[in-house]
Amino acid sequence: MFFNRCFFLVLLLAFFSCGKKKLSADMVILGGKIYTVTDSTPVVEAVAVLEDKVVFAGTEEEARNFIVDETTVVDLHGEIMTPGFIEGHGHLMGVGYNELNLDLMNVKDYDEIIDNVRQAVSKTKPGQWIVGRGWHQDKWDAKPDIMMKGFPLHNRLSEVSPDNPVFLSHASGHAGLANAKAMELSGVNQLSIEKQKKVEGEGGEIIRDGLGNPTGLFIENAMGLITANIPEKTAADDRQALELAMEACLRNGITTFHDAGASRQYIDLYHQFKEEGKLGVRLYVMITGGDRDLVYEWLQRGPEIDSTGWLTIRAIKLNCDGALGSRGAWLLEPYSDRPGFYGMPTLSMDTVLKTSIEALKHGFQVCAHAIGDRTNREVLDRYEIAFRDNPGKATDHRFRIEHAQHLHPTDIPRFAELGVLAAMQAVHMSSDRPWAINRLGERRIEDGAYVWESLLKTGARIVNGTDAPVEPLNPIPSFYASVARKTLRGEPQGGYEPAQRMTRNQALISYTLDAAYGAFEEQLKGSIEPGKLADFTVFSKDIMTIPESEILETNVSMVILGGKVVYQELKKGK
């Protein structure tokens, strides 16, 4: 860490040149166990902070030498502190809007969805849209008696909302359920076969019943038929959503957020908040590959790298297939529970190759969404061609595959060989594994699904996260899934495919130092050592040593960002 040593030496010289008798700090943190995520001193007793950087990490006795009258002393009261947790793949504005719209993430069955919509209708004027997100039929306690291709029908939804168009996005974001009013406004009916053919040719599907009637379920690009009619959000809505998203990050211990696919509108909003001094978390932004004009503009402009760590834009997000839940993930072999169906690509692989080559030439990282084994292989093939043909530009590319959820065994070592990062959200295993076996079958699950340890053993780096709002933003369930390989109910005993679990140290690194590496920011954050940003997360329990069963009982007690306490849990009795 040459940069950090130089920074510390400069600080020493600066203090002595000013005639100070001893080093002083703006903040000293002590009274608990501090995990630094460094090899030399993995655990320390105290940390000293000057302005927004760490200047000391070591014993409490030495740290007290930094305390002067103006120093803020933070007592951890026996709790633990880690580097600030980094959300390695999420959708920031989606998190914010999830706070504003119907949150269906925890519904237990279709009846509960109907009740939620019925209540929303009672508070909404006729004609106004009702939107929500988060339902997942394979996570329900019970399913409707009548379903089509594994999904519910719109009929009961339409009965409780005859005058309000409704669109409820699947938890994966790769499907959505519309009511009759929404389909009427969108021109989707039994006679709209041409629209069906068009969306199928563009990577989408409208689920229909045996008579050809749309069931209300729209998959992948077919969702655009409905969403194109939903009124655009206002600037005030966007600002409120962003504020709510940042608040959610802090109360969940997130100090940096990798935003996986930001539009022009949202990038402009992030710039506004930065200029106004209102960014509450640090952002690493991927430009949405769905807007080719925006991608081209940024390629010509070049990356925007913020040395202060608040807002960096240097990646391009490509959505290359769908999700397992909607059977949109692109597979090498057919789905076990839908014979003859392989899923689908949602982006031309020629576009992946072209974008990869241009990104290398202009200093951008490519982050490709790939869930199915076919998509992962196809993307790795395109990356490999781009690297081979541009060797001078591919020395430190840090291209990523987002999710890498299902891999063919022969493709697992290619991540390390090509230097491609696996941005995997461990909590997906916890949520999806109980039903994913129906999609893939036992052999494919065991050989290539959620294979964290197989990737790590080959030398690959894993960037952890939650894909919020697909899953809750809270990193604790994802940390638990990483080390336990169980559902959040603690099932099954011993975990699913336990040989693939991470150690606790590996899980911590995936949420801190390797997540920082995934954004070219490992010299700035991700560990606690002199010269790095003073971004810390304080937890109520020692997630590195407590019994596995207690991990999910852990809370975020405090968040320190840039040397300032920005969140503190209200303790009971206070």
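The values are calculated or read from the model by the stated rules, or taken from the named source; none is laboratory data. Predicted model only: the values in this text are computed from it and were never measured. Every residue, glycine as well, gets a Cβ built from its backbone with ideal geometry; the counts of neighbours run over all protein chains shown.
Taking the listed residues Gly173, Gly132, the one that is modelled with pLDDT under 95 and assigned to a strand (DSSP E or B) is Gly132, with no other qualifying.
In this entry, Val420 is excluded by the filter for residues that are within 21 Å of the chain's Cα centre (by Cα) and farther than 25 Å from Ala481 by Cα. Filtering Ile401, Ile412 for residues that are in contact with a Ser or Thr (Cβ under 6 Å, 6 or more places away or on another chain), under 16 Å from Ser454 (Cβ atoms) and at pLDDT 95 or above leaves a single hit, Ile412.
For region 453-498, the candidate set comprises residues that are modelled with pLDDT of 95 or more and of a type in the set (Val, Ile, Thr); within that set, the residue that is farthest from Glu550 (Cα to Cα) is Thr458. All conditions but one from (1) in contact with a Lys or Arg (Cβ under 6 Å, 6 or more places away or on another chain); (2) free of Cβ contacts under 8 Å to residues at least 40 places away in the same chain apply to Glu522; the one that does not is (1).
Can we say Val37 is on the phi > 0 side of the Ramachandran plot and either modelled with pLDDT of 95 or more or among the basic types (Lys, Arg) (or both)? When the stated conditions are applied, Val37 passes them.
Of all residues in region 523-538, those satisfying the criterion of being on the phi < 0 side of the Ramachandran plot and touching a helix residue (DSSP H, G or I) at 6+ places or on another chain (Cβ under 8 Å) are Gln523, Leu524, Lys525, Ser527, Glu529, Pro530, Lys532.
Residues in region 532-574 that are surrounded by fewer than 21 Cβ atoms within 10 Å (Cβ to Cβ), more than 22 Å from the chain's Cα centre (by Cα) and among the hydrophobic types (A, V, I, L, M, F, W, C): Met544, Ile546, Val565, Leu570. Within region 296-330, the residues that satisfy the criterion of being in contact with a Leu (Cβ under 9 Å, 6 or more places away or on another chain) and crowded, with 21+ Cβ neighbours inside 10 Å are Gly309, Thr312, Ile313, Ile316, Leu318, Asn319, Cys320, Asp321, Leu324, Ser326. Of everything in region 317-330 that is touching a Pro at 6+ places or on another chain (Cβ under 7 Å) and part of a loop (DSSP other than H, G, I, E, B), the residue that is farthest from Asp373 (Cα to Cα) is Cys320. Scanning region 429-464 for residues that are on the phi > 0 side of the Ramachandran plot and in contact (Cβ under 8 Å) with a residue 60 or more places away in the chain yields one hit, Gly441. In the set (1) charged (D, E, K, R); (2) at pLDDT below 95; (3) in contact with an Asp or Glu (Cβ under 7 Å, 6 or more places away or on another chain), the condition left unmet by Glu569 is number (3). Number of residues in region 32-88 that are charged (D, E, K, R), closer than 23 Å to Gly518 by Cβ and touching a Ser or Thr at 6+ places or on another chain (Cβ under 7 Å) equals 1. The set of residues in region 495-519 being of a type in the set (Phe, Trp, Tyr) and touching a strand residue (DSSP E or B) at 6+ places or on another chain (Cβ under 7 Å) consists of Tyr511 alone. Applying the criterion of being out of contact with any helix residue (DSSP H, G or I) (no Cβ under 7 Å at 6 or more places or on another chain) and at pLDDT 65 or above to the residues of region 201-211, the residue that is surrounded by the most Cβ atoms within 10 Å (Cβ to Cβ) is Ile207. Would you say Thr537 is closer than 13 Å to Tyr35 by Cβ, of a type outside the set (Gly, Ala, Ser), in the same structural domain as Ile29 (by TED's automatic domain parsing) and free of Cβ contacts under 8 Å to residues at least 60 places away in the same chain? Here the answer is no, as Thr537 does not meet what is asked. Elements of the type helices (runs of 4 or more DSSP H) sitting completely within region 17-126 and holding at least 1 residues that are more than 29 Å from the chain's Cα centre (by Cα): these cover 60-63, 110-122. No other residue among Glu61, Glu79 is within 28 Å of Ile546 (Cβ to Cβ) and either surrounded by 15 or more Cβ atoms within 10 Å (Cβ to Cβ) or modelled with pLDDT under 95 (or both) apart from Glu79.
Of everything in region 248-260, what is farther than 15 Å from Met558 by Cβ and not hydrophobic (A, V, I, L, M, F, W, C)? Give them in sequence order. Across region 248-260, the qualifying residues are Thr256, His258, Asp259.
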